[in-house]
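Coordinate-derived values only; no laboratory data. The shown structure was predicted, so the numbers you read here are calculated from the model rather than taken from an experiment. So basically every Cβ, Gly included, is an ideal-geometry build from the backbone, and we count neighbours across all protein chains shown.
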Amino acid sequence: MRVTMESYQVDCEAAFQGNRRNEARDKLLESIEEVLSFSEVVLNFLELNTGFRKSTILDDPRVFCIELEDLFGAGAYGVEDLIIEKFYRKMNLRFVKDRKKTFADYVNEALKEYVD
């Protein structure tokens with residue numbers, strides 16, 4: 001097997017992006033845990049009773065939002081805002097509130113900036 005410098009660089013970049021993505025997922029879950037003192041109960045409940053999975057929260061954060069709103073009603077929006085603020089802080093990103101953006105929009109923007 002012959003490894004070229006180009007293929008090695010591509011492999012390293014892919015591994016780096018994968019690691020950054022895992023770090024981002026962990027930081028988002030940490031943010032949820034810090035905002036919801038009973039987060040483990042909430043996250044486990046959502047995993048057992050809905051389509052939400054912690055492992056895929058970055059792939060489709062809308063699922064988390066929908067299930068959180070079903071659980072907490074309108075109060076979910078305030079919880080989402082607190083989670084996003086903590087998440088951006090953990091990612092060392094500047095958070096600017098925009099009423100037009102959703103939780104998923106913020107997560108996707110942060111992930112893109114963090115991984116790229």
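For the chain, the longest principal axis of the Cα atoms and the long axis of helix 103-115 meet at an angle of about 20 degrees.
Simple spin-label estimate for T56 and S37 gives 3.3 nm between the two label positions (7 Å along the Cα-to-Cβ direction from each Cα).
The alpha carbons of the chain occupy a box of 57, 33, 22 Å along the principal axes, longest dimension given first. Rounded to the nearest 10 degrees, the angle from helix 61-72 to the longest Cα principal axis of the chain is 20 degrees. Considering only F87, F52, I32, the residue lying farthest towards the positive end of the dipole of the chain is F87, judged by Cα position with unit charges set on Cβ. Modelled spin labels at E113 and F95, positioned 7 Å past Cα toward Cβ, are 1.2 nm from each other. Each peptide in 26-34, 79-87, 51-59 was scored by the mean count of other Cβ atoms within 10 Å over its residues; highest first, the order is 79-87, 26-34, 51-59. Between 0 and 90 degrees, the angle of helix 75-90 with respect to the longest Cα principal axis of the chain falls at about 30 degrees.
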